[in-house]
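The values are calculated or read from the model by the stated rules, or taken from the named source; none is laboratory data. Given the structure is predicted, the values throughout are model-derived calculations rather than measurements. With ideal geometry, Cβ positions are generated from the backbone for all residues, glycine too; neighbour counts draw on all protein chains shown. Please note that ligands, DNA and RNA were not included when accessible areas were found on the heavy atoms of the full protein model with its side chains. Shrake-Rupley method; radii C 1.70, N 1.55, O 1.52, S 1.80 Å.
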Amino acid sequence: MKKHQEHIVCIKSEKVKHREHGFVDYKLNNSDLMLGQRAMLEKDDDFRQLLPISIFTHKGKVWAYERTSKGGESRLHNKIAVAVGGHWDLEDLVIENSVIDLEQSLANTMARELEEEVNLTSSIVKTVELEKKVCADDTEVDRVHLAVVYVHELDGEGIDSCEDQLKTVGFISPKELLSGDYNIEAWARIICEILVEKELA
């Protein structure tokens, strides 16, 4: 599997101080973007690494999977997750006249991560970016990341993980995932809460 680039995109944590319940109303903009060494950023909560992440829905349910003990991040083992995605690498940046094309760069990152992480046999019929960004403090991992969440509506349930450390659970309603019967990770809880709130809006 391809190793991530040494330098990745991040922002200063102080840009998202006004967060609550694990998410924040924050509009990503070029002036906040910074580059940092990944190894350093993993241990420095003065910065938030930017992660464009994707979730998949079909008929009101969201695709969920379990992170098994084969995964590299031991802090997330045996947790139920709903999002796939990863770091925004230097190679994902689209730059014109020394200015980063934010939308295209995010789209590049998302497309690369989807290719690496999931096998889609259903088609994406609609993609929406959530206004709220995931910005949690629940764990050491959460405290150094900020996620831009894309919701992909599928025309069927044809999706599986490409990675053997991720075990597909299937499509489950966000309310059911929040019921307490599942060992869901913080980001899954936050995303499901946002989805439930959107449904009620």
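Okay, residues lined up against (1) among the hydrophobic types (A, V, I, L, M, F, W, C); (2) within 20 Å of residue 149 (Cβ to Cβ); (3) modelled with pLDDT of 95 or more; (4) more than 17 Å from the chain's Cα centre (by Cα):
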| residue | (1), (2), (3), (4) |
| --- | --- |
| 64 | yes, yes, yes, no |
| 71 | no, no, no, no |
| 75 | no, no, no, no |
| 88 | yes, yes, no, no |
| 102 | yes, yes, no, no |
| 112 | no, yes, no, no |
| 117 | no, yes, no, no |
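Which one of the conditions (1) over 30 Å from residue 46 (Cβ atoms); (2) touching a residue at least 24 places away in the same chain (Cβ under 8 Å); (3) among the β-branched types (Val, Ile, Thr) does residue 141 fail to meet, given that it meets all the rest?
Residue 141 satisfies every listed condition except (1).
In region 154-198, which residues are acidic (Asp, Glu), at pLDDT 90 or above and farther than 23 Å from residue 22 by Cα?
155, 157, 160 - these are the residues of region 154-198 that are acidic (Asp, Glu), at pLDDT 90 or above and farther than 23 Å from residue 22 by Cα.
For residue 47, which of the numbered conditions (1) open to solvent by 50 Å² or more (accessible area, probe 1.4 Å); (2) within 14 Å of residue 141 (Cα to Cα); (3) of a type outside the set (Gly, Ala, Ser) fails to hold?
Exception for residue 47: condition (1).
Among the numbered criteria (1) surrounded by fewer than 20 Cβ atoms within 10 Å (Cβ to Cβ); (2) in contact (Cβ under 8 Å) with a residue 40 or more places away in the chain; (3) of a type in the set (A, V, I, L, M), which single criterion is violated by residue 134?
(1)
Out of the residues in region 143-201 meeting the condition of being in a strand (DSSP E or B) and open to solvent by 70 Å² or more (accessible area, probe 1.4 Å), tell me which one is nearest to residue 68 (Cα to Cα).
167
Which residues, taken from region 107-117, are without any contact (Cβ under 8 Å) to a residue 60 or more places away in the chain and in contact with a strand residue (DSSP E or B) (Cβ under 7 Å, 6 or more places away or on another chain)?
109, 110, 117
For residues that are under 20 Å from residue 58 (Cα atoms) and among the hydrophobic types (A, V, I, L, M, F, W, C), scanning just region 122-147, find the one that is farthest from the chain's Cα centre (by Cα).
125
Can you tell me which residue within region 98-123, out of those that are β-branched (Val, Ile, Thr) and over 21 Å from residue 187 (Cβ atoms), is surrounded by the most Cβ atoms within 10 Å (Cβ to Cβ)?
100
Which residue is most open to solvent (accessible area, probe 1.4 Å), if the candidates are limited to region 85-97 and must be closer than 21 Å to residue 47 by Cα and part of a loop (DSSP other than H, G, I, E, B)?
93
What is the number of the single condition among (1) polar (S, T, N, Q); (2) under 17 Å from residue 105 (Cβ atoms); (3) modelled with pLDDT of 95 or more that residue 57 does not meet?
(2)
Answer with yes or no whether residue 161 is farther than 19 Å from residue 128 by Cβ and among the hydroxyl-bearing types (Ser, Thr, Tyr).
yes
Which one of these does residue 82 not meet: (1) over 30 Å from residue 37 (Cβ atoms); (2) touching a residue at least 24 places away in the same chain (Cβ under 8 Å); (3) surrounded by 15 or more Cβ atoms within 10 Å (Cβ to Cβ)?
Among (1) over 30 Å from residue 37 (Cβ atoms); (2) touching a residue at least 24 places away in the same chain (Cβ under 8 Å); (3) surrounded by 15 or more Cβ atoms within 10 Å (Cβ to Cβ), residue 82 violates only (1).
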